[in-house]
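*Asks:* Got a structure for you, questions after.
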Amino acid sequence: MIIAIVIILMVLLDQLVKYWALIKLSAIGTIPLIDGVFHLTYVENRGAAFGILQDQRWLFLVMTPIILAVLAYVLHKKYIRTKLGRVSVYLIAAGAVGNLIDRAWHGFVVDLFDFRLIHFPVFNVADIYVVIGVALFFYYYLIQHDKAVPHE
């Protein structure tokens, strides 16, 4: 129950930030927080990470629930053996849900964090969840999984 509430709060944070970007930042375009280094920039992303698969909305709308179902199954079957591993899956799920809501509601994902110093693609809170979740999952799988005792 606590986990579900935390995931809902994470999705809510993502959606509130995106709502602000959609309502306020879209009218401004960009706000330099550190000029030339870090800006808040309104972007409508109609693809995936790094702009791949542009205009494939239906692919994402179909695949994301399938991926979420697989994650739920893996958690239910207790294949993930450590708390860190489970947290990684929760983060990935929260990010997937946040971006799924955007795609279903708007037809695009709202992005706003713009690291210009290294010319990194503009991203959002849900993307942060997914990236951290995937990094933690790799650590879990490569370092912890084989050493951990399956939990009951």
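*Asks:* Can you return the lysines within cross-link range of LYS83? Criterion is Cα-Cα under 21 Å, with same-chain partners fewer than 8 residues away left out.
*Replies:* Partners found: LYS147.
*Asks:* Taking the chain as the reference, fit the longest principal axis to its C-alpha atoms, fit the long axis of helix 125-139 to the helix C-alpha atoms, and give the angle between the two in degrees, 0 to 90, nearest 10.
*Replies:* On a 0 to 90 degree scale, this one is about 30.
*Asks:* Show the residues, 5+ positions off or on another chain, whose built amide H is closer than 5 Å to the amide H of LEU112.
*Replies:* PHE123, ASN124
*Asks:* Using packing as a proxy for protection, rank 123-134, 37-48, 72-83 so that the peptide with the highest average count of other Cβ atoms within 10 Å comes first.
*Replies:* Ranking, from highest mean packing down: 123-134, 37-48, 72-83.
*Asks:* Using a probe of 1.4 angstrom, how much of the accessible area of the chain is carbon and sulfur, in percent?
*Replies:* Ligands and nucleic acids excluded, carbon and sulfur give 73 percent.
*Asks:* So, in Å, what gap is there between the alpha-carbon centers of region 1-35 and region 112-151?
*Replies:* When both Cα centres are located, 18 Å separates them.
*Asks:* Okay, moving on. With the other protein chains left in place, how much accessible area per residue, in square angstrom, belongs to the chain at a 1.4 angstrom probe?
*Replies:* Using a 1.4 Å probe on heavy atoms only, each residue of the chain averages 61 Å².
*Asks:* Further question: Calculate the dipole size of the chain relative to its Cα centre from +1 charges on Lys and Arg beta carbons and -1 charges on Asp and Glu beta carbons; express the result in debye to the nearest 20.
*Replies:* That gives a dipole near 460 debye.
*Asks:* To continue, here is another question. Once phi is turned into ³J(HN,Hα) by the Karplus curve 6.51 cos²θ - 1.76 cosθ + 1.60 with θ = phi - 60°, what whole-Hz value does each residue of region 69-76 show in order, with x for glycine and proline?
*Replies:* My calculation for region 69-76 gives 5, 5, 4, 5, 4, 4, 5, 4 Hz in order.
*Asks:* Further question on the same structure: Do you know the relative contact order of region 25-68, to the nearest whole percent, from alpha carbon pairs under 8 angstrom that are 6+ apart?
*Replies:* For region 25-68, the relative contact order is 22 percent.
The values are calculated or read from the model by the stated rules, or taken from the named source; none is laboratory data. Quick caveat, the model's predicted, so the values are computed rather than measured. Neighbour counts are summed over all protein chains in view; Cβ atoms, including those assigned to glycine, are modelled from backbone coordinates with ideal geometry. For accessibility, only protein heavy atoms count, side chains too; no ligands or nucleic acids. Shrake-Rupley method; radii C 1.70, N 1.55, O 1.52, S 1.80 Å.
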